[in-house]
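Structure first, then comments.
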Amino acid sequence: MVQPRNLIVVGENSQVQIIERHQSLTDHPVFTNSVTEVFAEKRAIVDYYKIQNDRDSASLIDNTFVEQKEESYCFLHTFSFGGKLTRNNLNFYQKGERSESTLKGITIIEGKQHVDHNTLVHHTSPNCESHQDYKGIFADNSVGVFNGRVMVDKEAQKINAFQSNNNILMDDKATINSKPQLEIFADDVKCSHGCTIGQLDEESLFYLRSRGIPLKEARALLMYAFANNVMESVKIPEIKKRITHQIALKLGVNLGYDL
Amino acid sequence: MLKIKNLQANIEDKEILKGINLEINPGEVHAIMGPNGSGKSTLSSVIAGKEEYTMTGGEIMFEGEDLSELDPEERAHKGIFLSFQYPIEIPGVSVTNFMKASINAHRKAQGLEDMPAKDMLKMIRDKSELLEIDRKFLSRSLNQGFSGGEKKRNEIFQMAMLNPKLAILDETDSGLDIDALKVVANGVNKLRSEDNAVLLITHYQRLLDYIVPDFVHVMVDGKIVKSGTKELAYELEERGYDWVKQEKSV
Ligand SMILES: Nc1ncnc2c1ncn2[C@@H]1O[C@H](COP(=O)(O)OP(=O)(O)OP(=O)(O)O)[C@@H](O)[C@H]1O
Ligand SMILES: [Mg+2]
């Protein structure tokens with residue numbers, strides 16, 4: 001059992017990029033209970049990537065707390081591809097005007113893997129924004145949970161809070177539980193949430209196959225495309241490449257090109 | 001090249017194709033006309049291998065080989081191309097990447113390496129110029145937000161890239177303005193040769209002024225009820241389908 005604790009203070013006007021990854025070196029069962037606190041001061045920019053691709057014997061509970069002051073920007077991407085059980089408890093507290101939070105994730109799991117995303121964005125000040133975009137692809141008996149909570153305090157007027165969670169179930173036995181929760185006490189806000197659960201579109205598959213792209217690649221291409229808009233906001237090219245590569249591995253194809 | 005004998009096909013137990021006979025030889029252009037819902041798109045989808053349809057009888061041979069057991073991608077590798085009546089929007093996949101995947105899949109099926117990036121770009125440039133497609137389109141998501149005419153033009157661009165032996169153009173002319181129709185027809189004509197063939201599905205004689213067919217067939221209620229030369233298309237334009245239907249029932 002490992003219990004890492006990270007404290008990250010990002011001072012006024014400063015900027016940081018963080019990549020976090022937990023990797024066990026053997027197949028012994030490992031349980032990681034990780035706590036991370038991030039304090040983003042005025043106008044700070046935080047660009048955080050969590051890559052969760054551990055062995056099947058490893059479980060991870062990740063608790064991350066982000067507090068944001070005026071005009072700070074925080075982006076957090078979570079890529080969940082591996083591990084036995086992964087639970088993300090991600091809490092954003094906006095405590096200053098004109099701050100922005102972006103929470104995005106791609107989950108691709110199979111077998112008996114389980115990935116949870118419990119997110120909270122708490123808007124306490126006016127004129128702020130939050131964007132959440134989580135995509136999941138679930139094969140075999142895997143289970144995904146998306147529990148997205150947005151709280152808007154009475155004082156927090158003129159808030160834009162968007163949340164979307166789209167999922168593809170590859171097999172009948174795969175499960176996704178998606179539960180948006182909006183608790184809004186201010187009256188002048190724009191909040192939206194959308195959730196979709198579906199299979200790959202047969203018409204699209206036929207279109208690709210009619211152009212000679214074999215079924216397996218056609219599926220992979222559509223899944224790539226599905227996850228693509230999450231990748232668009234990844235700002236580190238190496239990470240983008242690496243994740244793209246991991247997705248290709250996950251889907252069992254070599255696409256030989258980037259999207 | 002393509003020999004269809006007594007082809008019958010169902011969708012969800014509904015009989016749609018009720019015994020189609022059609023033979024297309026290399027170098028020929030065939031046109032199929034016929035009322036809405038008569039089964040023209042169904043025929044093209046069955047030739048291209050859409051799995052929703054069940055073949056309940058007859059046979060489809062392509063260059064002496066039975067197509068019925070082949071996947072859509074295998075048929076494509078053999079040189080069959082379908083320009084869709086309603087091209088599908090694929091968000092997140094650019095036209096260029098789609099074409100790369102498609103071309104390289106064809107090459108792989110022939111045991112060839114991926115096409116070098118430089119050659120690929122040149123070919124994309126040449127073919128998009130042939131069809132007067134703005135370069136900006138090529139980086140956009142496939143068909144997403146394209147106008148009706150732009151989608152059709154994009155289909156023919158794909159055809160030009162793949163250079164198929166048999167191109168089935170399902171109402172490629174619908175939605176094209178007059179100038180675009182000329183560009184697209186010109187594109188199709190440029191690709192014609194003694195070795196390949198075209199099957200046009202259309203409601204309008206106009207297209208056939210530009211791409212002149214050797215044969216015109218009329219499909220009604222899942223059957224080809226009349227075949228003739230291009231003059232038949234004029235007659236249909238003038239007189240509609242009723243007389244063909246009546247002739248058939250007599
Ligand atoms: N998925 C489906 N489920 C049920 N019926 C279908 C399906 N696809 C096609 N059909 C039916 O099959 C018949 C033939 O359709 P098809 O699209 O082949 O006609 P078409 O000749 O191409 O018509 P149009 O000129 O309007 O394009 C129609 O009656 C249509 O409603
Ligand atoms: Mg049709």
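Quick notes on this structure:
- Between B:Asp179 and A:Lys216, the modelled labels are 4.7 nm apart [label points 7 Å from Cα along Cα→Cβ].
- Across A:Lys190/B:Lys50; B:Lys3/B:Lys122; B:Lys100/B:Lys190, pairs whose alpha-carbon gap is larger than 32 Å: A:Lys190/B:Lys50; B:Lys3/B:Lys122
- Of the trypsin sites (Lys or Arg not before Pro) in the stretch A:47-93, those whose Cβ has at most 16 other Cβ within 10 Å and which sit in DSSP loop: A:Arg55
- Förster radius 35 Å - calculated FRET efficiency between B:Ser193 and A:Thr196 (Cβ-Cβ, nearest 0.05): 0.15
- Stretch gain in nm, segment A:Asn229-A:Ile61, where the contour uses 0.36 nm per residue and the Cα spacing is subtracted: 57.9 nm
- When each full DSSP H helix of chain A is screened for a Cα extent of at least 18 Å along its own axis and an average Kyte-Doolittle hydropathy of at least -1.0, the helices passing are A:215-231, A:237-251.
- Order of A:Arg43, A:Arg98 under a 10 Å beta carbon neighbour criterion, fewest first: A:Arg98, A:Arg43
- Calculated FRET efficiency for the pair B:Thr229/B:Asn163, C-beta based, R₀ 35 Å, to 0.05: 0.80
- Cβ-Cβ distance of B:Glu52 and B:Lys3, R₀ of 35 Å, FRET efficiency by 1/(1 + (r/R0)^6): the value works out to about 0.90.
- Taking other C-beta atoms within 10 angstrom as a stand-in for reagent exposure, A:Val46, A:Val150, A:Val16 fall in the order A:Val16, A:Val46, A:Val150, fewest first.
- Here the extension length gained between B:Asn21 and B:Arg125 equals 33.5 nm, from 0.36 nm per residue of separation less the Cα-Cα distance.
- Per-selection metrics, the stretch B:152-250 (Cα): Rg and Dmax in Å: 14.4, 46
- Using θ = phi - 60° in the Karplus curve 6.51 cos²θ - 1.76 cosθ + 1.60, the 3J(HN,Hα) couplings for the stretch A:19-34 round to 10, 10, 8, 10, 9, 8, 9, 10, 8, 5, x, 10, 10, 10, 10, 10 Hz; x is entered for Gly and Pro.
- Computed on chain B, with alpha-carbon pairs under 8 angstrom and 6+ residues apart, the relative contact order is 27 percent.
- Distant alpha-carbon pairs in chain B (separation over 24 angstrom), percent: 47
- Going by neighbour counts of Cβ atoms within 10 Å, the residues B:His77, A:His245 line up, fewest first, as A:His245, B:His77.
- 19 Å Cα-Cα reach of A:Lys69 towards lysines, excluding residues that sit fewer than 8 places from it in its own chain: A:Lys42, A:Lys95, A:Lys154, A:Lys158
We did not get these values from a lab; they are worked out from the coordinates using the rules stated. What you see is a predicted model, and the numbers here were worked out from it, not measured in a lab. Backbone-built Cβ (ideal geometry, glycine too); neighbour counts: all protein chains shown.
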